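One structure is given below, encoded as structure tokens.
What follows is calculated from the coordinates using simple rules that are stated; it is not laboratory data. Computed from a predicted structure; not experimentally measured. So basically every Cβ, Gly included, is an ideal-geometry build from the backbone, and we count neighbours across all protein chains shown.
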Amino acid sequence: LTDIGVFKTGPAQFTQGGTLNYTIAVWNYGPTEVSRIPIADLLPDNVSLLSGPTCTAFGTAQCGTSSSNGKAWVMTTGLLPANTTAGNPAIAPTQGSYLNYQLTVRAAANALSIKNTATVATNDLNTDNNSSTVISQSSGKVSVSKSGPAKVATGQAFDYQFSVNNGLGVAVANAVVAEQLPANMQALS
């Protein structure tokens, strides 16, 4: 038993019919060395794979194999030694032993939003870092994204951050961002 982490990165925006590059970092937070860990990535219907997945190994980690069934990809790691250099099991390391998988996809000509998730496809000690999602918006639209902490303790205050993007190329007057808080939350400011 060990703690496998996955973190997927990609662009916040894309051009309809354009390419997007994804990187999936995979690491073993420990305590034991493992191998043959499956990482699943189901490509959404509004993209097509151009290249990848290709694997780059860092430290003493070893790449394994990749296979697909249609748009469902499984990247199986080789040797994955324990790497606690990140100091936090939810943060992808930038040193020590880990793997990066790269995929390049083409967005459909009518795609407005692309949501893509990578998941550790096995049980481990910590399920909090077993899935990572990237949501990209078409740059030809006005869009909003929201970020905040993945977890908070009951009664703890925290911040949401909204980002509004105007990809239309012309000014938009009086744009309104609406947020409906769940019943178990209260706005403090």
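Observations
- Spin-label model, ASN184/ALA150: points 7 Å from Cα along the beta carbon direction are separated by 1.9 nm.
- Each peptide in 128-136, 112-120, 74-82 receives the mean, over its residues, of other Cβ atoms within 10 Å, and ordering these scores from highest gives 74-82, 112-120, 128-136.
- Whole-Hz couplings from phi, Karplus 6.51/-1.76/1.60, listed for the range 9-19; x for Gly and Pro: 10, x, x, 6, 9, 8, 9, 4, x, x, 9
- Remark on the range 44-128: ratio of C-alpha radius of gyration to 2.2 N^0.38 Å is 1.25.
- Once you divide the Cα radius of gyration of the range 5-57 by 2.2 N^0.38 Å, the number left is 1.40.
- Kirkwood-Stokes translational diffusion coefficient of the chain, alpha-carbon pairs, 37 °C, 0.692 mPa s, µm²/s: 179
- Over the chain, relative contact order from alpha-carbon pairs under 8 Å, at least 6 apart, %: 27
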